[in-house]
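Below: one structure, written as structure tokens.
The values are calculated or read from the model by the stated rules, or taken from the named source; none is laboratory data. Keep in mind that this is a model prediction, so the values were computed, not measured. Virtual Cβ from ideal backbone geometry, glycine too; neighbours counted across all protein chains shown. These area figures cover heavy atoms from the full protein model, side chains too; ligands, DNA and RNA do not enter into them. Shrake-Rupley method; radii C 1.70, N 1.55, O 1.52, S 1.80 Å.
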Amino acid sequence: MEETISIKDIFKTLKKRWKLIMLLTLIAALISGTISYFLLTPVYQSSTQILVNQKKSENQLDSTQIQSNIDMINTYSVIIKSPAILEKVIDELELDESVDQLSGKITINSQENSQVFSLTVQDSNPVKAVEIANTVSETFQKEIKEIMNVDNVSVLAKAEIKDEPIPVKPNPVLNIVIAVLVGLMAGVGLAFLLEYMDNTIKDEEDIERLLELPILGSIQKITQVHNKG
């Protein structure tokens with residue numbers, strides 16, 4: 001006979017195992033909070049904006065020239081993270097890291113049909129993140145003239161050091177919320193697993209469910225009475 005679970009059974013299980021569910025949820029939140037606040041290294045972010053626009057003597061550029069500038073952004077994204085640029089940045093800032101390590105800190109983002117793209121740097125030191133972002137942008141602006149024989153790059157906005165830098169990661173609040181949800185789901189899952197594996201008989205409902213026998217009657221607990229004198 002196939003066993004079905006009713007809404008009543010679900011609430012009964014949750015009520016019976018609520019302490020276990022809450023315990024696992026609390027443990028998950030504590031672990032997440034401890035890791036987020038005390039073990040993970042904060043990471044800070046700084047960005048610069050770069051304009052790709054061919055300098056011409058004419059007042060306006062035609063659509064072909066604009067599209068050409070937009071298409072160049074994909075090529076420039078590769079050149080910015082190449083050794084030709086980053087090796088000079090490492091030397092100038094005297095960084096103790098390789099080209100690959102520095103490249104991993106840099107992200108290039110551009111919007112569709114825009115001649116402007118952003119260069120973002122993430123680092124555990126907020127001041128260092130600003131210095132790297134500005135130095136990479138300035139070095140790229142100078143070196144691209146020799147690399148591609150063009151003069152169409154301008155730095156629109158430099159990265160700035162904030163008075164109270166806020167790390168972009170980790171996000172302790174978000175991590176704890178996720179941990180609470182995971183702990184809650186794990187607790188509920190474990191509660192139903194324990195209930196499924198529990199074959200002990202505790203009441204009339206267990207007899208009907210496990211033995212598939214009807215309850216004909218019940219005998220009340222008899223308390224022994226001692227006669228005095």
Picked from segment 8-22 (must be under 31 Å from the mean Cα position of the chain (by Cα) and open to solvent by less than 60 Å² (accessible area, probe 1.4 Å)), the residue nearest to Gly187 (Cα to Cα) is Ile21
For segment 149-175, which residues satisfy the criterion of being within 12 Å of the chain's Cα centre (by Cα), among the β-branched types (Val, Ile, Thr) and either at pLDDT below 90 or not in a loop (DSSP other than H, G, I, E, B) (or both)? Val173
Specify the residue that is nearest to Glu143 (Cα to Cα); the eligible residues are those in segment 62-88 that are charged (D, E, K, R) and surrounded by 16 or more Cβ atoms within 10 Å (Cβ to Cβ). Lys88
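For (1) farther than 30 Å from Glu131 by Cβ; (2) among the hydrophobic types (A, V, I, L, M, F, W, C); (3) at pLDDT below 95, each residue gets a yes or a no:
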| residue | (1), (2), (3) |
| --- | --- |
| Ile10 | yes, yes, yes |
| Leu24 | yes, yes, no |
| Thr34 | yes, no, no |
| Gln49 | no, no, no |
| Ser57 | yes, no, yes |
| Asn69 | no, no, yes |
| Leu86 | no, yes, no |
| Ser103 | no, no, no |
| Val116 | no, yes, yes |
Report yes if Ser82 is of a type in the set (Ser, Thr, Tyr), within 28 Å of the chain's Cα centre (by Cα), modelled with pLDDT of 95 or more and within 30 Å of Met197 (Cβ to Cβ), otherwise no. no
Scanning segment 134-190 residue by residue, those open to solvent by 50 Å² or more (accessible area, probe 1.4 Å), under 29 Å from Gln65 (Cβ atoms) and among the hydrophobic types (A, V, I, L, M, F, W, C) turn out to be Ile147, Met148, Leu156
